[in-house]
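K.L.:
One structure is given below, represented as structure tokens, and several questions about it will come after.
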Amino acid sequence: MAISYIALTLFAVFQFALLVSKNKDRIINKYKKYYLVMMGWMDIATKGFRLDEYLKNYGYHQIAVYGAGDMGKHLIQQLKGTEVRIQYVIDKITFPNQVDMLPVYRPEDILPAVDAVIVTPICEYLKIKEKISEQMKCPIISLEDIIAGGKT
């Protein structure tokens, strides 16, 4: 009986260690991807690439930003004072209920119409796009794709 208990405990510890290891790798890959996008963003910005011009070229004058994290806040700051108007922010967490004086909606809320939604949580892009495309008829674009478009 004691041997069974020990074997079961060792098996459980092994499974937990395996789960932690997989999660650790996923987190490392996520932050590596964010780092590469931010470095690409800085690279194209120093070469004169302007996000507002890129968005206007596609006819996106009124947009929403999905994600109130660091990348979302950087995007909001970069578009501040340009002709591209951010109407609101979409985020799973709505506290505070404003980000940089912009209203914050949850993905489940009825979202006002805009020309495009830019998704800043790039690792979750496909899930986010699938979820909000049910109610949004505008393009839903990953910030990663915009940055990649600026490199060409």
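The values are calculated or read from the model by the stated rules, or taken from the named source; none is laboratory data. Because the structure is predicted, anything quoted here is derived from the model rather than measured. Heads up, the Cβs are rebuilt from the backbone with ideal geometry, glycines too, and the neighbour counts pull from every protein chain shown.
K.L.:
Taking the stated definitions as given, is A64 under 29 Å from N29 (Cα atoms), assigned to a loop (DSSP other than H, G, I, E, B), aliphatic (A, V, I, L, M) and in contact with a strand residue (DSSP E or B) (Cβ under 9 Å, 6 or more places away or on another chain)?
P.N.:
Considered against the rule, which asks whether it is under 29 Å from N29 (Cα atoms), assigned to a loop (DSSP other than H, G, I, E, B), aliphatic (A, V, I, L, M) and in contact with a strand residue (DSSP E or B) (Cβ under 9 Å, 6 or more places away or on another chain), A64 comes out as no.
K.L.:
Of all the strands (runs of 3 or more DSSP E) wholly in segment 99-152, which have at least 2 residues that are crowded, with 19+ Cβ neighbours inside 10 Å and modelled with pLDDT of 95 or more?
P.N.:
Hits in segment 99-152: 116-119, 140-142.
K.L.:
Among the residues of segment 29-61, write down those that are of a type outside the set (D, E, K, R) and not in a helix (DSSP H, G or I).
P.N.:
Residues satisfying the conditions are G48, F49, Y58, G59, Y60, H61.
K.L.:
Also, quick follow-up: In segment 55-83, which residue that is aliphatic (A, V, I, L, M) and surrounded by fewer than 21 Cβ atoms within 10 Å (Cβ to Cβ) is nearest to the chain's Cα centre (by Cα)?
P.N.:
Among residues in segment 55-83 that are aliphatic (A, V, I, L, M) and surrounded by fewer than 21 Cβ atoms within 10 Å (Cβ to Cβ), the one nearest to the chain's Cα centre (by Cα) is I76.
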